[in-house]
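Written below as structure tokens is the structure these notes are about.
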Amino acid sequence: MAVTDLPTPPKRETAFGVRMRRWRDLLKTLLSNPTTFIGFLIIFLLLAMAIFAPFLAPPNVPDPYQMPRDWGATRMPPGTPGFPLGTTNQGGDVLYGVIWGSRTSLQLSVIVVSVTVVIGIAIGSIAGLVGGWIDETLMRIVDVFLSIPELIFALAVAAILGPSFTNIILSLCIVFWVKYARIMRAQIILIRQADYVQAARVIGDTKLSIFFKDMLPNASTPIAVQATLDMGNIVLVGATLSFIGLAESGIAEWGVLVSEGQAGIASGRWWASTFPGLMIFLWALAFNLVGDGLRDALDPRTEDKR
Amino acid sequence: MTSNLEGTEPPVIAEVRDLRVHFGSKRGRVHAVDGVGFQIRDGEMLGLVGETGCGKSVTGRAFLNLIPQPPAIIAGGEVLFRPRGGAACPACAGSGCHACGQTGGETLDLLKLPQDRMRQIRGARIAMIFQDPGKALNPTLTIGVQMAEVFLQHKSDELLQDAGISADDRNLAANALRRIAHQEDRWLDRRLKRFPPLRQAAGRIQQALDARVAAALAETQIANPLRVMRAYPHELSGGMRQRVMIAQALACDPDLIIADEPTTALDVTIQARILELIKTLQERHRTAVLYISHDLSLVRKVCDRVAVMYAGRVAEVGTVSDVFSNPRHPYTQGLLAAVPRAGARRGHLASIPGSVPELVNPTPGCRFADRCSQVMPACTQLDPVLGSVGEGHSVACFLEHPPHAGAAKIEKALTE
Amino acid sequence: MQLRDYIIRRLLILPILIFGVSVIVFTLTRIGGSPIGVYLSHEMNAEEVAALEERFHLNEPLYTQYWYWLKAALSGDFGYSGVASAPVAEVFWPKFAATMELSIFSAAVAVTLGLWLGVFAGTRRNKWQDHVTRVVAVSGASLPLFWFGIILLIVFWANLGWFPVGRSNAEIWASIAHPTGFYIVDSILAGSWQGLVDALWHLTLPAITLGFGAVAIITRMMRSALVEELQQDYVDAARAKGLPERLVLNRHAKRNALVPTVTVIGLTIAFLMQGAIAAEIIYRWPGLGRWMASAVVRGDQATIMTYVLFTSVLFLFANLIVDIIYAKLDPRVRLGD
């Protein structure tokens, strides 16, 4: 519809160049959306906090992921010199927990998301590419996994493996791959019928090169959206598990801290639960905002019509 | 096509005057419809042709006041409508005067009508056939239910009469039935409906309703209306769905039908039959039709007169024979030349160079100036207005009506 | 009719899925170690332990063990709960009633409120009411339920003292009979106003805690679905028939927007069952969730197994109902495979 000047003769763009340009465009659309921008900002601040944790709060020796205990300063309210956010019943510095908890959460979410994405892609690809009874079996297993509510499943697995933070990570890895397998399989089946894949087959591309050149890049969009949402969701679920009591007590983790602070609220000590919980909220909120923005930017259907 | 040979022309039933519809966008106001004006005479089929995005659909929707605001802004103009058998003209009390076009009927400005008056006109006096019947029918309701809505909305009193409930009955049961027939039923009414004596009466209303729906469907040559009534839209073919839409539009015997590209979404093989059906029914009911299309050959086949739109304005209006045999606007000429014909030189398809201008904050001047082969200096400075070039044939082009000195000022004063 | 076939087809898959879940759950518990741990004590000698192992078929292959477990489970024997110091089946029902009362109450409020808010925001698109609703909905979906509950507790219990903790006032609870185990129902049956007020008063905070996330999810879905439906041609077609806006919205747009929303409501059931664990811990609600939480920490396998199996069956049935509603709302679904 637009009257445009004659386009300058197009420079030959490499495939890499095209991809880079698309990423730049995507980032521009994302940042122009105010809520997505706020999400990015919060993520940036939380990551900075995790990276610079040793400078913000001197690490506890020997294990920095263990809360330091100052038995001489228990139940201090926020604003106490040396303890800006107060201390817990056991003399744990809430600020320390808040700062180092971001590292714990980052570990948790990065490990679980990368492991589940890999497992999910692998299983989904096998099901989608091989087909037949293997596909059928794998998908029935997926159905069974989806019949158990995620958190309850993870809770049971972690309980049977024994209470520890490592086992929480492990149990989340066992539970959360299912969605990716579904997405991957659906994408492969969808793409397999697409014209350009048929074309690639006609010109003699091998199955493997079609998979890596066409199928994987195309499935990456919905997987990226899901992974972004899961970055927040997994911290939420993981913190719930440790709140219930499946992590070692005394580690610098937000869910554990909320649980530790719970004992004091009857006597008015609100701070020990409030601040770590707020961090979980911000973490989940940020990734949800970015995930939503990403979905809107990548899905042409949600754009306004007319 | 031969209206001017018959002596007296039929009265004007609807008229668009200087309609301006803008859309707010990130880059500024899009002047999608920018001063459109034309008349529709009673019982005629007027074709409104133009390229995609020229504003013809928005103009059509203006007749039903169905332009979504926001994003659209109605920046000015009138859409006038004189329903047949409406109230008397307030100026001359029905004797016929200039204000009512000698019809004696009341003239309504559809854009300024209150919502409830507009609802009485929609579906009853002015109906619409949509482009894609697959999208214009609700996928979760049966055809019967959707068709019934029109009758319940506009013919509920007749339905009650058919079911033997007189308007004087004021008891509890009759009131409940009246509410059901007017689609104002409350929770209790729906419960009561299941028990005697209301059940029998409600059943009679339903029977009367079904009979009307079936008759309306049968009129569009649907073979077994009862089966179609029970079907969901996705169970019917595209042509069948469009027949349903046409039946729905004709249900209350309206004065004017807006047909927005009614055959575009259909298979080529069915297009001709649907077109023929619309034409037949239009002639039988003497309904005026505004036929919106981008397809010149269709318009030529079925319409009496044609208005050619370009970039939010009317470029040329006239009878189909005048416009097609003697096009006066360079855009119309270009359009006609671009229609491929059998027997023409092979391997070459004519086209108009350039593309439709962007309608964001347009500058004064003819919208077609950029693409016109006969552009003059005046074309880029002044807006040409429609002027007569023959009986019932008008063109907005300086080739026909050279601008006189000072025209720019006069026109500005007129538009403001 | 087509709808009936659809339901039957869905019903047939159900036992297969339940069987699958039970296999997974059983395998998990056996990975975790011996199920006789709760019966063992230090005074037992080797023979007594061996007798116990014999009794629980521990020296037989895993599939035989599964068979024995299944047989027992089908006859209502779900093992012995170490946490409750009683057989699982015995303590299950009173706790089940407590959890169900909380969940059903929250679900009812959440679905009603969520749908209403979704329509409220969707019909006021891009107005300030819409923006406020969206912000609340997005934060609601990111809110850690256990933390939200604690914040409510800090404000309304610890500081303001407006709401109590626990399920009931012990005296009032003891004053009426409990034939159903549902406190609200029981107090209505007993004609006790005091009991009803007490029940609702105790229910308020846990229900808000549990329902808030669900409201957020449902609101978001209903809003976006309604916004999308309102842009469809059939909505304009309904207006073009002369229908009043009330019918355009209720009969056409809302009905279609419900189709995708109903699926999300199914997922919300899982959300509520998961959330019940944290909510019950925080408010000391004597239900299944709190029982599960202590079982998890102490490795009480019989309880964990029963709980997982039970919630899955509940979840599957909830989804079945959702699917039926879905098929009823959208006739196109019934055609599929």
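The values are calculated or read from the model by the stated rules, or taken from the named source; none is laboratory data. Please read these numbers as outputs of a predicted model, since none were measured by experiment. Cβ atoms come from the backbone with ideal geometry, glycine included; neighbour counts cover every protein chain shown.
What are the residues in region C:305-323 that are more than 9 Å from every other protein chain (Cβ to nearest Cβ) and of a type in the set (Ser, Thr, Tyr), if any?
Listed by number, the list holds a single entry, C:306.
Checking residue A:134 against (1) part of a helix (DSSP H, G or I); (2) under 23 Å from the mean Cα position of the chain (by Cα): exactly one of these is not met. Which one?
(2)
Is it the case, given these coordinates, that residue C:238 is crowded, with 24+ Cβ neighbours inside 10 Å and closer than 30 Å to residue B:242 by Cβ?
It is true that residue C:238 is crowded, with 24+ Cβ neighbours inside 10 Å and closer than 30 Å to residue B:242 by Cβ.
Inside region A:243-269, can you point out the residues that are facing chain C (nearest Cβ under 10 Å), modelled with pLDDT under 85 and in a loop (DSSP other than H, G, I, E, B)?
Those that are facing chain C (nearest Cβ under 10 Å), modelled with pLDDT under 85 and in a loop (DSSP other than H, G, I, E, B): A:264, A:268, A:269.
Checking residue C:162 against (1) outside any helix (DSSP H, G or I); (2) within 25 Å of the chain's Cα centre (by Cα), only one condition comes out false. Which one?
Against the list (1) outside any helix (DSSP H, G or I); (2) within 25 Å of the chain's Cα centre (by Cα), residue C:162 comes up short only on (2).
Looking at (1) at the interface with chain C (Cβ under 10 Å from one of its Cβ atoms); (2) surrounded by fewer than 24 Cβ atoms within 10 Å (Cβ to Cβ), which is the one condition that is false for residue A:190?
(1)
Would you mind stating whether residue C:277 is at pLDDT 90 or above and within 20 Å of residue C:213 (Cβ to Cβ)?
yes
So how many residues does region B:285-303 have that are surrounded by fewer than 20 Cβ atoms within 10 Å (Cβ to Cβ) and within 23 Å of residue B:19 (Cα to Cα)?
Residues flagged as surrounded by fewer than 20 Cβ atoms within 10 Å (Cβ to Cβ) and within 23 Å of residue B:19 (Cα to Cα) within region B:285-303 amount to 1.
Which residues, counting only those in region A:147-164, are assigned to a helix (DSSP H, G or I) and either more than 14 Å from chain C (Cβ to nearest Cβ) or within 17 Å of residue C:309 (Cα to Cα) (or both)?
A:147, A:150, A:151, A:152, A:153, A:154, A:155, A:156, A:157, A:158, A:159, A:160
Pairs needed: first member in region A:88-105, crowded, with 24+ Cβ neighbours inside 10 Å; second member anywhere, among the acidic types (Asp, Glu) and not in a helix (DSSP H, G or I); C-beta distance under 6 Å; at least 6 residues apart or different chains.
Pairs that qualify, where the first residue is crowded, with 24+ Cβ neighbours inside 10 Å and the partner is among the acidic types (Asp, Glu) and not in a helix (DSSP H, G or I), are A:101/A:253; A:104/A:253.
Would you pick out the residues in region A:112-146 that are surrounded by fewer than 16 Cβ atoms within 10 Å (Cβ to Cβ) and more than 14 Å from chain C (Cβ to nearest Cβ)?
A:114, A:118, A:122, A:130, A:131, A:132, A:133, A:134
Between C:233, C:300, which is touching a helix residue (DSSP H, G or I) at 6+ places or on another chain (Cβ under 9 Å) and surrounded by fewer than 20 Cβ atoms within 10 Å (Cβ to Cβ)?
Selected residue: C:233, the only one of C:233, C:300 that is touching a helix residue (DSSP H, G or I) at 6+ places or on another chain (Cβ under 9 Å) and surrounded by fewer than 20 Cβ atoms within 10 Å (Cβ to Cβ).
Out of C:116, C:69, C:93, I need the residue that is surrounded by 22 or more Cβ atoms within 10 Å (Cβ to Cβ) and in a helix (DSSP H, G or I). Which one?
C:69
Taking the condition of being facing another protein chain (nearest Cβ under 8 Å) and closer than 20 Å to residue A:160 by Cα, how many residues in region C:282-304 meet it?
8
Of the residues that make up region A:284-300, is at least one free of Cβ contacts under 8 Å to residues at least 60 places away in the same chain, closer than 23 Å to residue A:178 by Cα and not in a helix (DSSP H, G or I)?
yes
Please give the number of the condition residue A:230 fails out of (1) more than 22 Å from residue A:152 (Cβ to Cβ); (2) buried (at least 21 other Cβ atoms within 10 Å of the Cβ); (3) out of contact with any strand residue (DSSP E or B) (no Cβ under 9 Å at 6 or more places or on another chain); (4) modelled with pLDDT of 80 or more.
In the conditions (1) more than 22 Å from residue A:152 (Cβ to Cβ); (2) buried (at least 21 other Cβ atoms within 10 Å of the Cβ); (3) out of contact with any strand residue (DSSP E or B) (no Cβ under 9 Å at 6 or more places or on another chain); (4) modelled with pLDDT of 80 or more, residue A:230 misses (1) alone.
Going residue by residue through region C:100-110, is there one that turns out to be of a type in the set (Ser, Thr, Tyr) and away from chain A (no Cβ under 14 Å)?
Yes, some residue in region C:100-110 is of a type in the set (Ser, Thr, Tyr) and away from chain A (no Cβ under 14 Å).
Residue under question is residue C:133, and the condition is that it be surrounded by fewer than 18 Cβ atoms within 10 Å (Cβ to Cβ) and touching a residue at least 40 places away in the same chain (Cβ under 8 Å); does it hold?
Criteria not met by residue C:133.
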